[in-house]
Amino acid sequence: MTDKIRIGLVGAGGIAGAHVAGYRRNPEAVVFAAIADPVRENAERRRGDDDVAIYDDYRTMIAEAELDAVDICLPHHLHADAIIAAAEAGLHVLCEKPLCLTLAEAQAISEVAARTGVTIMCAHNQLYFPAVAETKRLLTEGTFGTVYEVRTTDSFYNDFTPESMGWRAHASTAGGGELIDTGYHPVYLLQHLAGAVPTEVTAMLSRHRLGFMEGEDSAQVLVRYENGVVGHVTTSWAYPAAPGTEKFSLVGSEGSLSSDGVSLTYQLRGQDPVTMKFDPVHDIAAAVADFARCLLTGDRPMHTHVEGIDVLGVILAAYESDRTRAFAPVTRVAVPAR
Ligand SMILES: NC(=O)c1ccc[n+]([C@@H]2O[C@H](COP(=O)([O-])OP(=O)(O)OC[C@H]3O[C@@H](n4cnc5c(N)ncnc54)[C@H](O)[C@@H]3O)[C@@H](O)[C@H]2O)c1
């Protein structure tokens, strides 16, 4: 590794634009070296005026482009194979959510990570919201005492049509419905704030409005964590959250906190409330910068495949709970430590 990370983008569709912006905002740490996408015009749009090699096939890019890392922005069902191909070639991986779709894929990813020693970082961009970072800092200092409850929300009115949904309309390519897509954000945020391994889940899934989807358009999920925290996720493409609904909140033995995502207010028992406001950041650029920093320093990313697999475990347990109308345990794969 030199002083910059040579990165290859895999999948040059919608979200790739924010990732490319992330490379361009971090020129001291990242070289945007290559793009792989079978749709040439997508690759050319993302390349812009930069001197970036374009490949139809990411396996050729991995073999030829002399990369340090790949950044995977593919439809969900293609994540696991791309992660494994990159890791087998010794390349580090930044991967969009979800890490993968099944526990068998998760097992294969954790095995290849252990065998090759590459870093696999989940691009969990909402962890880079300043309000989230400050909340995590307060939690780490023990400000709220024993945490009892954490709630996260990510709901909006999605104007998808069957035509515009593409691969997202089908469980075979998306892995499920809204919960494994947008709903992945509030689940990883919940895990970050709960600060422990999830153990059991109960969930109710709905198709309130987007009746053409194979999967759910909305989900309510309750999660119990090993440290006793109970988490509650509300997430939807059918409707926006009601005015005043928090993006995240928590209650502990010493006080509580609520945030709309850009500001936060907390109150400790017997004290006046404290409100903090933050300037917005480009959270995907911050994730890209942190990925490069971790590779250059050897630091562990906040969320590697280990946390990504826990998040997937919660989502798969939510699907099982809704199917069986019962609590579902979060099945863990054997993840060698890293
Ligand atoms: N973090 C966020 O807020 C956020 C937002 C949107 C999407 N995402 C995630 O980003 C990922 C991509 O979503 P999107 O909306 O950009 O999808 P998209 O459909 O817009 O883009 C996917 C791209 O992958 C390309 N592709 C398909 N097969 C390929 C292959 N074998 N090799 C290389 N390229 C291939 C397609 O041609 C397309 O350009 C998903 O995992 C999604 O959940 C994250």
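The values are calculated or read from the model by the stated rules, or taken from the named source; none is laboratory data. Please read all numbers here as calculations on a predicted model, not as lab measurements. All Cβ positions, glycine included, derive from the backbone under ideal geometry; neighbour counts span all protein chains shown.
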Q.
Residue pairs, Cβ under 9 Å, 6 or more apart or interchain, first in the stretch 122-138 and free of Cβ contacts under 8 Å to residues at least 24 places away in the same chain, second away from the ligand (no atom under 16 Å from the Cβ). List them.
A. Ala133/Phe278; Arg137/Thr143
Q: Output yes when any residue across the stretch 177-188 is modelled with pLDDT of 95 or more, hydroxyl-bearing (Ser, Thr, Tyr), in a strand (DSSP E or B) and buried (at least 22 other Cβ atoms within 10 Å of the Cβ), and no when none is.
A: no
**Q.** Positions within the stretch 284-319 being touching a residue at least 12 places away in the same chain (Cβ under 8 Å), of a type in the set (D, E, K, R) and surrounded by fewer than 19 Cβ atoms within 10 Å (Cβ to Cβ), in sequence order
**A.** Arg293, Arg300
(Q) Given the criterion within 9 Å of the ligand (Cβ to nearest atom), in contact (Cβ under 8 Å) with a residue 40 or more places away in the chain and buried (at least 24 other Cβ atoms within 10 Å of the Cβ), identify the matching residue among Val10, Val70. (A) Val10
Q. Give me the pairs: first residue in the stretch 160-185 and under 15 Å from Leu99 (Cα atoms), second residue within 12 Å of the ligand (Cβ to nearest atom) and polar (S, T, N, Q), beta-carbon distance under 6 Å, and six or more apart or on different chains, which are they?
A. His185/Gln126
(Q) Could you check the stretch 226-252 and list, in sequence order, the residues that are surrounded by 23 or more Cβ atoms within 10 Å (Cβ to Cβ) and not in a loop (DSSP other than H, G, I, E, B)? (A) Gly231, Val233, Thr235, Ser236, Phe248, Leu250
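When you go through Thr119, Thr135, Thr143, Thr102 one by one, which is the residue that is within 27 Å of Thr331 (Cα to Cα) and touching a strand residue (DSSP E or B) at 6+ places or on another chain (Cβ under 8 Å)? Spell out how you get there, then give the answer.
Values: Thr135 fails: within 27 Å of Thr331 (Cα to Cα); Thr143 fails: within 27 Å of Thr331 (Cα to Cα); Thr102 fails: touching a strand residue (DSSP E or B) at 6+ places or on another chain (Cβ under 8 Å).
So the residue among Thr119, Thr135, Thr143, Thr102 that is within 27 Å of Thr331 (Cα to Cα) and touching a strand residue (DSSP E or B) at 6+ places or on another chain (Cβ under 8 Å) is Thr119.
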Q) Quick check: anything in the stretch 324-336 aliphatic (A, V, I, L, M), in contact with a Gly (Cβ under 6 Å, 6 or more places away or on another chain) and crowded, with 19+ Cβ neighbours inside 10 Å? A) yes
Q: Select from the stretch 206-219 the residues that are touching a residue at least 12 places away in the same chain (Cβ under 8 Å) and surrounded by fewer than 22 Cβ atoms within 10 Å (Cβ to Cβ) and write down the one among them that is nearest to the ligand (Cβ to nearest atom).
A: Gly215
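For every residue, the table says whether it meets (1) crowded, with 21+ Cβ neighbours inside 10 Å; (2) within 15 Å of the ligand (Cβ to nearest atom); (3) closer than 26 Å to Tyr225 by Cβ; (4) in contact (Cβ under 8 Å) with a residue 60 or more places away in the chain.
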{"residue": "Lys97", "(1), (2), (3), (4)": "yes, yes, yes, yes"}
{"residue": "Leu103", "(1), (2), (3), (4)": "no, no, yes, yes"}
{"residue": "Gln107", "(1), (2), (3), (4)": "no, no, yes, yes"}
{"residue": "Thr140", "(1), (2), (3), (4)": "no, no, yes, no"}
Q. Is at least one residue of the stretch 138-159 touching a Pro at 6+ places or on another chain (Cβ under 8 Å), at pLDDT 95 or above and of a type in the set (A, V, I, L, M, F, W, C)?
A. yes
Q: Hey, can you tell me all the residues within the stretch 111-128 that are more than 15 Å from the ligand (Cβ to nearest atom), farther than 23 Å from Thr173 by Cβ and in a helix (DSSP H, G or I)?
A: Glu111, Ala113, Ala114, Arg115, Thr116
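State whether the residues of the stretch 23-39 include one that is under 20 Å from the mean Cα position of the chain (by Cα), within 13 Å of the ligand (Cβ to nearest atom), outside any helix (DSSP H, G or I) and aliphatic (A, V, I, L, M). Working first, answer last.
Narrowing the stretch 23-39 to residues under 20 Å from the mean Cα position of the chain (by Cα): 23.
Within this subset, residues satisfying the condition of being within 13 Å of the ligand (Cβ to nearest atom) are none.
The answer is no; no qualifying residue exists.
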**Q.** Qualifying residues in the stretch 260-283 (those that are within 19 Å of Asp154 (Cα to Cα) and small (Gly, Ala, Ser)) - the one surrounded by the fewest Cβ atoms within 10 Å (Cβ to Cβ)
**A.** Ser263
Q) Out of the residues in the stretch 1-22 that are more than 24 Å from Met165 (Cβ to Cβ) and assigned to a loop (DSSP other than H, G, I, E, B), which is modelled with the highest pLDDT? A) Lys4
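Let's see how each residue does on (1) part of a loop (DSSP other than H, G, I, E, B); (2) under 17 Å from the mean Cα position of the chain (by Cα); (3) at pLDDT 95 or above:
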position	(1), (2), (3)
Ala289	no, yes, yes
Glu307	no, yes, yes
Asp310	no, yes, yes
Tyr319	no, no, yes
Ala326	yes, no, yes
Q: Considering each of His92, His77 in turn, give the residue that is under 17 Å from Ala289 (Cα atoms) and not polar (S, T, N, Q).
A: His92
(Q) Just to be sure before I move on: is Ala53 touching a Ser or Thr at 6+ places or on another chain (Cβ under 6 Å), free of Cβ contacts under 8 Å to residues at least 40 places away in the same chain and more than 11 Å from the ligand (Cβ to nearest atom) in the structure I sent? (A) no
